[in-house]
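The values are calculated or read from the model by the stated rules, or taken from the named source; none is laboratory data. Here the structure is a predicted model, which means the values were calculated and not measured. Cβ placement follows ideal geometry from the backbone for every residue including glycine, while neighbour counts extend to all protein chains displayed. Surface accessibility is based on the protein's heavy atoms, side chains included, excluding ligands, DNA and RNA. Shrake-Rupley method; radii C 1.70, N 1.55, O 1.52, S 1.80 Å.
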Amino acid sequence: MKKYALVTGGSRGIGKACCIKLAKMGYSILINYVSNEAAATETLNAVKALGVDAELLKFNVAKKDEVESAINQWQEKNSDEFIQVLVNNAGIRKDNLMFWMSDDEWHQVTETNLNGTFYTTRAVLKYMLNKKTGRIINIVSLSGIKGMPGQANYSAAKAGVIGMTKALAQEAAKKRVTVNAIAPGFIETDMTSSLPVEDLKKLVPLNRFGTAEEVAALVGFLASDESAYITGEVISINGGLHT
Ligand code: NAP
C-alpha cells in the first residue's frame with residue numbers, strides 16, 4: 001500500500017521543500033496550490049524526478065466546497081488509499097496596523113490561514129481516524145505565539161491554529177493520529193522577499209533567515225515513526241529570535 005502525503009501550498013517556499021522532503025522519505029505526494037500553475041508544475045517535476053508518484057490537487061483552502069470536493073474526489077478514485085500525512089502549510093499575510101486594517105485584510109488572512117486549516121483537516125481526518133494512524137502538521141508562526149505589530153490578522157489566525165492543534169491532538173490521540181504545529185521565525189521565501197533582510201537578520205541570534213529546507217526537515221521528523229510520542233506540541237524554528 002502506498003503512503004500519501006498532502007501538502008497545502010506545496011507549489012512554492014516551505015511547502016515545496018516539504019513535498020521534496022516527504023518524497024525522499026518515500027511518500028507519494030499530493031501537491032496543493034491555488035493559482036501558480038507554473039510553480040506547482042515545477043514542484044511536481046522535482047518530486048517525480050525523485051522517482052516518487054505525485055499529483056497536483058488544485059483548491060483554495062479558504063473555500064470549503066473546493067476543499068471537500070477535491071479531497072472526496074481523490075478519495076473516490078483511490079478508495080483503498082488514504083492520506084497519512086497532512087501538512088497544513090498554505091498561508092498568506094496582508095500586514096497593516098489594526099487602526100488601518102480593512103475587513104478584507106482581516107477576512108482573507110483568517111479565512112486562508114485558520115479556516116483553511118480547519119476545512120482541510122476535517123476533510124482528511126475522518127480517513128485517518130478510520131485507519132487509526134496519521135500525522136497532521138500545521139505550519140503556524142512566531143507571530144501566532146508572541147504577536148507581531150502590523151499582523152493582528154495573521155497573529156490571530158496562527159494563534160487560532162495553535163489552539164486547534166492542541167484541542168485536536170487530545171481528540172485524535174486515541175486513534176493514534178498525532179497533531180503538532182511548527183512555528184517558524186523568518187524563513188527565506190517569496191513571503192519574506194519584500195522584507196528588509198539585512199536589518200531583520202540582526203535581530204536573529206543566529207544572524208540569518210532560515211531556509212525552507214530547514215523547516216521541511218522538522219516536518220519530516222514529525223511525519224516519521226520516530227515522532228510517534230509527540231502530540232499537541234508547538235515547535236519553534238526561529239534561529240533563537242524568541243524562546
Ligand atoms: P509562500 O512562499 O508565499 O507560498 C505560499 C504557498 O501557499 C503557495 O504555494 C501558495 O500557492 C499557497 N497558497 C496561498 N493561498 C492559498 C490558498 N488560499 N489555497 C491554497 N494554497 C494557497 O509562503 P511560505 O513563506 O512558504 O509560507 C508557508 C507557510 O509558512 C505559511 O503558512 C506561512 O504563514 C508560514 N510561515 C512562513 C514564514 C516565512 O518567514 N516565510 C514564517 C512563519 C510562518 P500558489 O503558488 O498557487 O500561490
Filter region 94-119 for residues that are touching a strand residue (DSSP E or B) at 6+ places or on another chain (Cβ under 6 Å) and either of a type outside the set (Asp, Glu) or outside any loop (DSSP other than H, G, I, E, B) (or both); which is farthest from the ligand (Cβ to nearest atom)? Glu105
Quick count over region 1-29, residues being assigned to a loop (DSSP other than H, G, I, E, B), over 23 Å from Asp65 (Cβ atoms) and modelled with pLDDT of 95 or more, is 5
For region 177-203, give me the residue count where each residue is open to solvent by less than 50 Å² (accessible area, probe 1.4 Å) and within 12 Å of the ligand (Cβ to nearest atom). 11
Answer with yes or no whether Leu86 is among the aliphatic types (A, V, I, L, M), part of a helix (DSSP H, G or I) and surrounded by 18 or more Cβ atoms within 10 Å (Cβ to Cβ). no
Residues satisfying the stated conditions in region 89-112, i.e. open to solvent by 30 Å² or more (accessible area, probe 1.4 Å), more than 16 Å from Gln151 (Cβ to Cβ) and under 20 Å from the mean Cα position of the chain (by Cα): none
Candidate set: region 136-154, residues that are farther than 20 Å from Gly13 by Cα and without any contact (Cβ under 8 Å) to a residue 24 or more places away in the chain; chosen: the one least open to solvent (accessible area, probe 1.4 Å): Gly147
Test of understanding: among Ala173, Ala169, Ala156, which residue is among the aliphatic types (A, V, I, L, M), at pLDDT 95 or above, more than 15 Å from the chain's Cα centre (by Cα) and over 17 Å from Ala228 (Cβ atoms)? Ala156
Count of region 48-77 residues which are open to solvent by less than 70 Å² (accessible area, probe 1.4 Å) and either in contact (Cβ under 8 Å) with a residue 12 or more places away in the chain or within 29 Å of Phe186 (Cα to Cα) (or both): 16
Tally, over region 30-49, of residues that are aliphatic (A, V, I, L, M), part of a helix (DSSP H, G or I) and within 13 Å of Ala17 (Cα to Cα): 5
